[in-house]
1. From the residues in segment 182-207 that are buried (at least 17 other Cβ atoms within 10 Å of the Cβ) and at pLDDT below 70, which one is farthest from Ala388 (Cα to Cα)?
2. Kindly indicate which of Pro240, Pro222, Pro262 is more than 25 Å from Gly71 (Cα to Cα) and of a type outside the set (D, E, K, R).
3. Could you tell me which of the residues Phe371, Phe410 is modelled with pLDDT of 50 or more and either within 35 Å of the chain's Cα centre (by Cα) or not small (Gly, Ala, Ser) (or both)?
4. Would segment 208-220 turn up any residue that is closer than 30 Å to Arg323 by Cβ, surrounded by fewer than 20 Cβ atoms within 10 Å (Cβ to Cβ) and among the small types (Gly, Ala, Ser)?
5. Looking only at strands (runs of 3 or more DSSP E) that fall completely inside segment 255-369, which ones have 1 or more residues that are acidic (Asp, Glu) and outside the structural domain of Pro222 (by TED's automatic domain parsing)?
6. Regarding segment 37-60, can at least one residue be identified that is surrounded by 13 or more Cβ atoms within 10 Å (Cβ to Cβ) and among the β-branched types (Val, Ile, Thr)?
7. Does segment 95-111 hold any residues that are without any contact (Cβ under 8 Å) to a residue 24 or more places away in the chain and assigned to a loop (DSSP other than H, G, I, E, B), and which are they?
8. Pull up segment 95-113, narrow it to residues that are surrounded by 15 or more Cβ atoms within 10 Å (Cβ to Cβ) and among the charged types (D, E, K, R), then point me to the one that is farthest from Gln179 (Cα to Cα).
Amino acid sequence: MAEQTQPPAPPEDAAALKARRKRWLAIVAGGFAVIGIAYGAYWALALRYFQSTDDAYVSGNIVQITPQISGTVVAIGADDTQFVKAGQMLVQLDQADAKIALDQAEAQLGKTVREVRNLFATSASLQATLDMRQSDLTKANEDLARRERLANSGAISREEQQHARDAVDSAKSALLAAQQQLVANRARVDRTTIEDHPDVRNAAAHWRDAYLAHARTALPAPVAGFVAKRAVQLGQRVSPGAALMAIVPLDQVWVDANFKEPQLESMRLGQPVMLTADIYGSRVKYHGKVIGFGAGTGSAFAVLPAQNATGNWIKIVQRVPVRIALDPQELAAHPLQIGLSMQVEVDTHDRSGDRLPQLAQSAPAYATEVFRLQEEIAEQRVKAIIAANQGEASRLAQGRGRDDATSERFAQSDRAKSTTAATGRAGTVN
C-alpha cells in the first residue's frame, strides 16, 4: 500500500498563522503593560502613602505592687485575672508593731504639746513677775528720793539713807533677774504658737511617720485594672521593694509598631492609623493615630547591643518603634491584652505634623490620688491631737500679738531703769 502524505500548507496560510501569533502576543503584552501602568498609577496616587507592618504588638502599663515597709502577709485581697478598683486593698500586712509605734508617737506628741503649753503659761507668769519687780523698783526709787530730802535736812540718819539706796539696788537686781528669765523663756516661744512651735512640729513629724508606717501595712491598688503575676503568699515575710503582684489597666494600652528605616521618612505625628488584631481577625478594625517615635532602634536598647566594629559586618535594616494610640471606645468594645500581635497601616497623606514633639509635657502622664488620702487623714489627726492637749486657756493666751506687747514692756522697763539710775546719781551728788 502506497504511503499517503499530507500536502504542504500553502504559503499564505503560514503567514496568516504567524500574524495571529504576533497579534496575540501583542495583546498579552499590552495587557501586562496596562496592568503595570495601572498598578504604577495606583502606587503613585495612593499606595505609596500607606506604610504597613505586622511587626507590631500591644503594650501597656504594668503597675508593680511593692510594699514600702517590712511585714508579714496576713491577707490577700485579689488573685490573678480578677478586676480591682483603684484604692481596693490588695495585700494586708500585720499591724501589731506599727500600732504600738503609732500609740507611742501619739503619746509623745500630746506630752510635747503640754510642755510647750506650759512654756506659754510660764511666759505669762514671768511677765507678771517682771511687772511686780518694776513696781518694786519704782517704789524703792520714790522712797530713796524722800529719804534723800530728809537726810539733807537732817531729819534722818545717814544709815537710813544708805538702807534706802540698798533697797533700790536690790530692786534693780531683782528686776534684771526677772528680765533675764523672761528673755530666756521668750527665746523658746518667741513669734510662734503651740501648733508652730519647733518641738511640737518635730513630735508631729514623728507621729506622721508612725501613722504612714501603720497605713502602709495595707497595700491598695494605685489604679483600676486586672491582677497579674501574683507572687505573694499568706504568711510570707516581705521587705520594701519586693514584687508582690502587678495591676494591668487594659484601658490604657497602646500599640508599638516596629517600622523599617525607609518607612519612617514620610511618617509624622498625628497621622491616622488602621489596625487589626490577630485575636479578632480582619472583621474588627481599630482606628488610631501616631503619637510618638522611639528615641532609638530596638537593637540600641538591647541588653547586648550589636557590635558592628568587626571584620565580618553585615548591614541589617534597623527598625524603630512607633507608638500608636487607640480609640478608647473601640478598645472598650474589643479589649486587647498586652503582647497581642497587630497589623498596622499608617496613612501618610498628611505630612504637616512634626517628626518629634517640640514642647515638653507639663501635666503628669499618669497620676493616682490613692496615697494622697493618707496624708490628708494624717494632717487632720495631728490637728485633733494638738487641740485635745492644747486647752482653751492656752489657745486664748497665745498669739503673735503677745510678742509685740511683751517687747513694749521690755522697752518701758529699760526706760524706767535708765531714769532710776539718773535719779540715783542726782541724789548722791546732793
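The values are calculated or read from the model by the stated rules, or taken from the named source; none is laboratory data. Values in this document were obtained by computation on a predicted structure and should not be read as measured data. Note: ideal-geometry Cβ built from the backbone for every residue, glycine included; neighbour counts use all protein chains shown.
1. Here the answer is Leu182.
2. Testing whether each residue is more than 25 Å from Gly71 (Cα to Cα) and of a type outside the set (D, E, K, R) leaves just Pro262.
3. None of the others qualify; the one that does is Phe371.
4. No.
5. The strands (runs of 3 or more DSSP E) meeting that bar are 341-347.
6. Yes - at least one qualifying residue is present in segment 37-60.
7. none
8. Checked segment 95-113; the qualifying residue farthest from Gln179 (Cα to Cα) is Asp97.
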